[in-house]
1. Would you mind estimating how fast the range A:212-350 diffuses translationally, via Stokes-Einstein at 25 °C and 0.890 mPa s with the Kirkwood radius over Cα pairs, in µm²/s?
2. Find the eigenvalues of the gyration tensor of the Cα atoms of the range C:227-377, then list the square roots of 5 times those eigenvalues as equivalent ellipsoid semi-axes, largest first, in whole angstrom.
3. Compactness ratio of the range A:99-167: Cα Rg over 2.2 N^0.38 Å, N = residue count?
4. Which residue fluctuates most in the GNM of chain B (Cα springs below 10 Å): B:SER229, B:SER94, B:SER151?
5. Please report the spacing between the Cα centers of the range D:359-387 and the range C:96-156 in Å, no decimals.
6. What is the local net charge at D:TYR177, summed over the other residues whose Cβ is closer than 9 Å to its Cβ (Lys, Arg +1; Asp, Glu -1)?
7. Let me check the size of the protein assembly as shown from its C-alpha atoms; what are the radius of gyration and Dmax in Å?
8. Work out the mean other chain Cβ neighbour count within 10 Å for the residues of B:272-281 and drop it here as an integer.
Amino acid sequence: MSEVNLLSTDVEDDLRSAVRDLLTDRCDPTAVTAVYDGDRSVVGGLWGALATELGLAGLLVSEERGGAGASAREAAVVLEELGRAVAPVPFLTSAVIATTVLLGSDSELLRALASGERTAALAVPLSTAPGSALPLVRADADGRLTGTVTSVAGALEAHVLLVPASTGDGVSVYAVPATEAALTPVVSLDMTRQLTDVRFDGATGQPVLADAEPAVQRALAAGAALLASEQVGVAQWCLDTTITYLKERRQFGRIVGGFQALKHRLADLFTDVEQASVAARYAAATLAAGDPDAEIAAAVAQAYCSDVAVRAAEEALQLHGGIGMTWEHPVHLYLKRAKADQIALGTAGGHRARLAGLVDLPPPGSAPANRQGDRS
Amino acid sequence: MSEVNLLSTDVEDDLRSAVRDLLTDRCDPTAVTAVYDGDRSVVGGLWGALATELGLAGLLVSEERGGAGASAREAAVVLEELGRAVAPVPFLTSAVIATTVLLGSDSELLRALASGERTAALAVPLSTAPGSALPLVRADADGRLTGTVTSVAGALEAHVLLVPASTGDGVSVYAVPATEAALTPVVSLDMTRQLTDVRFDGATGQPVLADAEPAVQRALAAGAALLASEQVGVAQWCLDTTITYLKERRQFGRIVGGFQALKHRLADLFTDVEQASVAARYAAATLAAGDPDAEIAAAVAQAYCSDVAVRAAEEALQLHGGIGMTWEHPVHLYLKRAKADQIALGTAGGHRARLAGLVDLPPPGSAPANRQGDRS
Amino acid sequence: MSDPSTVREELRRRIADFLAAHDPATTERSAFLRARYDAGLAWVFFPEGHGGLGLPRALQPEVDRLFESAGAPDNNREVNGIGLGMAAPTILAFGTEEQKRRFLRPLWTGEEVWCQLFSEPGAGSDLAAVATRAVRQGETWVVNGQKVWTSVAHNARFAILVARTNPDVPKHAGLTYFLCDMTDPGVDVRPLRQITGEAEFNEVFLTDVRIPDTHRLGAEGEGWKVATATLNNERVAIGDAAAPREGGMVGVVARTWREHPERRTAELHDRLLRLWVDAEVARLTGQRLRQKLALGQPGPAGSTMKLTFARLNQQLSGLELELLGEDGLRYSDWTMVRPERVDFTGRDAGYRYLRAKGNSIEGGTSEILRTIVAERVLGLPAEPRVDKDIPWKELQK
Amino acid sequence: MSDPSTVREELRRRIADFLAAHDPATTERSAFLRARYDAGLAWVFFPEGHGGLGLPRALQPEVDRLFESAGAPDNNREVNGIGLGMAAPTILAFGTEEQKRRFLRPLWTGEEVWCQLFSEPGAGSDLAAVATRAVRQGETWVVNGQKVWTSVAHNARFAILVARTNPDVPKHAGLTYFLCDMTDPGVDVRPLRQITGEAEFNEVFLTDVRIPDTHRLGAEGEGWKVATATLNNERVAIGDAAAPREGGMVGVVARTWREHPERRTAELHDRLLRLWVDAEVARLTGQRLRQKLALGQPGPAGSTMKLTFARLNQQLSGLELELLGEDGLRYSDWTMVRPERVDFTGRDAGYRYLRAKGNSIEGGTSEILRTIVAERVLGLPAEPRVDKDIPWKELQK
């Protein structure tokens, strides 16, 4: 637990501006709303621009392997901006989670991901928390996979699925072309990160990593740590937009933002969003530094930020009044993202329970349970 | 779960007025505050007046046995008023809990309690929740008791202690003159219900009830159900007093009660206090009627009312500002009572956990645990 | 006044006689309902001649039960809630004899469904800010403006409408209340899609809609008073029957909990128990309110119950999604459809979560309700008003 | 400006030289402190001649660490917090050369302790409402009034005081700021007992207290401006050192949790974890604030941190009592005593619970802080003010 830098560096500020500018241009709320009606035309071009024009696909990949050689700090900045725009792009699923799975491998696929030429998704349900059991498909001796994985995020945008599979000799990750799997798009609560049910009927995969459980768990942990930054972006948009609206809206002859009950709620929300941004930054900074506190930092960030994002979105809707309930106003996009993010990669309650073990605050009755565990 | 009357009857309204008038006359906040400095002069006269002048000591005792033949509904009304005045009297401990222990016995002591001639206390810690294990002293064959019970409420005012003791042949309740026990007054968070540590060194007791566990549990359950009404009284005083204060206090040239953030908080508190009064009344009414829903009603009332009382007292202090932090203003008496009441007879969390079993909302992992239980 | 039990006895006899004369099994639906209205057995607390017998309101639930158990046709109550609950008592209180005769009977029978044209984009919580203009041309009013959040507008024959007839006086003084024919060619009803994907409500655009002066309800400039009466009726509209334990949203979540032991966590357990307790206490509060109303003692609980209901629905549905975990990430259908009614218990958890967000906005936001409780119940000072004495047209919008 | 690292180097050398010349082990306490002040090593960010060297504030923590690790005597910092944190910067900013020379040195050395006479029974959150009157008689002001919530008044030699010198102008315009000698015969300090049983604070009654005009700080009528500067210093007064994880109240409760496995419940577990997370996030927020301050970028987090700190202390101490169960019903001692300082971690849980209630009142209520955050940070409209332009004497009190 060293004192890490919790402020933005100049490089990070530049990256933030570049991403924000691009999203302002190419990620119009109307186009994002259209994905709910099946019009996903915004997705491809936007992701292409982010992945290759800005080079974000390879942010976490070393320069030797064709990436930008940046760290989790920069990925966090990107995710904050993507959250702020509820951008329907597979950055988290491909450039963070799938990429992290491959970082320790010698797979050539990593280079393709880094360049943005290809996009990948880890075939686990989006709700999978780090440290929990992975749903596994079976791989036979010829590398043919059989099984189903439900609610996979990023699969719709992926060329390649990274599939954790039991080989009889442990867990390996197989790279499977998306065309080899039966993909059933799921009507999702958050259509800006639409899920897919994935079925493998003897699909041929290429093994890219053996003894892969630690790598997959590391990827999920990185995903959870960085998801907090996306949640901060969602929360900040909600807060900023609500304040802007309440400074304009008049009722009873007064600026609605001048009603004290709302002022106090917004002050509290501001406090929480500010704090969430620190928690998320600390998680990213410790992850980037390989700090031993990274695991606690990630659990804290998830436990804190996912509820703040939901509350910010719920407050935004309420304080917009009727207009917030309409399809036309983008606040619902944020509410749906925030609520889905709360479940993604473990709920806040789940992360608190994990934290209990990390900081020696055991649950009731846990002492005997541990002793039983020692015996087995 | 029948439809019980949740409104006040005329008889109940009359009782309320009589108790309130007496408390207004004889239970001055300054005198109550003095008990914190060891001046308990207010206690004896006040309890005497309530117990005998108004006949409240025997409220729950049938007329044949010298009581008023009233029910838990009337006791609830009394407790609301006592809570509203943080009256330092042993009504709950003697006239409700100790009396209920004896209702099924043929002890002559009941008649003495009903007349107000004597006062009793059940020798268990105030924090004992209904359904939990009783701390037992040992009784030898001659009825001589040995052991210690800590944090007993009402013992200081009691002539007689009702002591659950293990006889080797189950649990019996012994009546022990207070003079036979070594009483050590405890500096208590709530000095208006001061606790006592009670030690028995071979004290001679008279057995008043054999196989007494059910009677003791019934008494604790009645105590918990009716404590909710005391908590409602505490909460109502806090709400009323705060509103009155905020209608007078000016800051920034405005009536402080006109600031919208406070108005909204008070509206929420009012809502909760209103609802608490219904929950407490339902618990009392079902207890009075022997309704099968009484146990659920008591758990609901405790789970709800004890937290509302604490919140009402905390809000009252906060909204009084600095004056609320002073010894001189009575709000601290209510805060201390509310917080102690939250722990008394089981915490809100404890009552929720008990409720889970009553309404089939089992905790995680409970199904396997039950199965193990079946095997043993 | 006669003895209450005699009144009740007499009423039961009347109903029995009516049912004997009009067998629900064989009488045509409309004929039955019209006859029931004419017999004064529609809303018995309305005056004679207008579907009632001038009896106490407390007798109505039994009347409805008796008709229902005899298999009598219902009067389209679910679709015509605004007509029955809000338009009818307002017409009764403020209408001319002619208006009562024309409108109440087909309203009650459900042959004419009503909607409410009150809210506007700029007049939500602040209803007195309506900008829809009605300009008098002889015996006709010409109305132009836009209304929102209008339920059943696409099925409605008439609407209650508040419009500004005089912009030169302060905002509350320049309003007039009308009964608007929704078949007028200037009325354009468009679905208003909500965050659930559906369009439960409508926007209504009024372009040169012509309303005869005979359809004005109350005097010119008296619209605020009449509208307030309408809205008070809305708040009184609490169900007559005792709610069962675990009714509504809490029951759905409790069922999910029971059916999915594998999804239970300690944290969700305590949150669920807290909400269960809150819901049970709210249920009992409703029960007490009904007991009070039966004695003619309306308490303040009506306003607070809506606050509690909204909070509970929102917290319960939010918890349910977390409890469902992976399944909570899935939704039923985003297709834009026009549902007949809100269905909290029959649809998926995601729908409940989203739809419940409206509970603290529709029919008075929770913020407005808290202010009302603080001012009218607790007697705290009113909000500073800057718009009371300024002519409407000079107000900053 | 010189290169920062050179400055730091030079400063370290100065301190080493000073310590070589004044061995803390052998130099008399007061002599050491006075010499340190005269060497400009007291508060190095103060100007030369007033205990400083005109260096950046960020260098002070290292100076203090170096002196402390050399075993130098401390300057009574715990008792004289108001003097050091609030009076000193205000005297520096608004004082005459004569005032700075007279007051700053004994203030810094701790030989003269200061207190603050601002709050009154009728002027808590609304400081500009102070009613204590100061009337000029030649070169002297005669002061009458009552102040409350004055800590260390019974040990203080001087006070900073705000009093009303002109009741005929609006409230903010009629105030003047004074330096009050607490040994004046008209000053009556009485303990103010709190809900904990103790008297940590005082009431101070001022009866014909005579203050020479040379002890006026700032111009007549400028008291509001000077007092605002003082209070801004209060809000900046955040510790310089990084707080450790589980520092303060959360550590106490975590320890209780660890030491009492038999008292754990699932409900308390999740509540504790939530508060642990909140406390950790607050700690990190403080860390970021310090990093910003070190770069000269004060952010809004100062105001919000006090809000969070108060809430956390209150919720944690409330939970602790529930966790303690029976033991939570017991208290240490109600005897009226006069503690030297607030001790949250060394005393019993009941004390913590009660004392923490003051955290959201003292030094600006949480309500006032929320309003400040909403207006100054978020830019939302100010509260309607009715007392800005009316002469003080005509205001309704």
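1. 156
2. That gives 29, 19, 14 Å for the three semi-axes.
3. That ratio works out to 1.14.
4. Most flexible of the set in this elastic network: B:SER151.
5. 43
6. +1
7. Taking only Cα atoms of the protein assembly as shown, I get Rg and Dmax of 35.8, 118 Å.
8. 5
The values are calculated or read from the model by the stated rules, or taken from the named source; none is laboratory data. Note that this is a predicted model, so its numbers are computed, not measured. Glycine gets a Cβ as well: all are built from the backbone with ideal geometry, and neighbour counts include every protein chain shown. What goes into the accessible areas is simple: the full protein's heavy atoms, side chains included, and nothing from ligands, DNA or RNA. Shrake-Rupley method; radii C 1.70, N 1.55, O 1.52, S 1.80 Å.
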